[in-house]
Amino acid sequence: MIYNEQLFAIENQMDNLYEVLIKSATFQNYLKQKSLMYEDKKVRELRADFIAKKEDFETVAAYGKYAPDYREKQLALRKAKRALDLHPKVAEFRLAETDLQSVLDTIGSKVASTVSEGVKVDAGTPFFENNLGKGGNCDGG
């Protein structure tokens, strides 16, 4: 790669973008919700229970339905995951995380489309609506 004034200008713009992003309400909300989630005693308990159930299930998962207690361990894991996911602080964190991901996806899409409409960008979410992941020479896609 040849370093020239254009590359340095792009690097400066990326630094500016980074500064704006970390000061944004979306990013600050993400950090706040993450902190609230990890500080919550009940969330820590639910997470520890989920991890224990996951490890327990993984010991029999390779054997599938032939393993003793496979279904019971699978059901216990799903219940633990659901309990964790439905906790209000976890749900708020997931929402803040999705909002931040949406901002990052939009930035990535705009940068890519500036370079070329054919540049493909993995948006990381199937709900993103700005034609991410599309491009190239295929018709109808």
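The values are calculated or read from the model by the stated rules, or taken from the named source; none is laboratory data. In this text, all values refer to a predicted model and were calculated from it rather than measured experimentally. All Cβ positions, glycine included, derive from the backbone under ideal geometry; neighbour counts span all protein chains shown. Note: areas computed on protein heavy atoms with side chains; ligands, DNA, RNA excluded. Shrake-Rupley method; radii C 1.70, N 1.55, O 1.52, S 1.80 Å.
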Subject >> Some residue of the range 95-103 being among the β-branched types (Val, Ile, Thr), open to solvent by 80 Å² or more (accessible area, probe 1.4 Å) and not in a helix (DSSP H, G or I) >> reply: no
Filter pass, Lys79 being under 30 Å from Leu17 (Cβ atoms), open to solvent by 60 Å² or more (accessible area, probe 1.4 Å) and assigned to a helix (DSSP H, G or I) | no
Filtering the range 42-58 for residues that are touching a Leu at 6+ places or on another chain (Cβ under 8 Å) and under 15 Å from Pro88 (Cβ atoms) leaves a count of 3
(Q) Being outside any helix (DSSP H, G or I) and either of a type in the set (Ser, Thr, Tyr) or touching a strand residue (DSSP E or B) at 6+ places or on another chain (Cβ under 6 Å) (or both): is that true of Tyr3 here? (A) yes
Counting only residues in the range 30-50 that are in contact (Cβ under 8 Å) with a residue 40 or more places away in the chain and open to solvent by 60 Å² or more (accessible area, probe 1.4 Å), the one nearest to Lys73 (Cα to Cα) is identified as Lys42
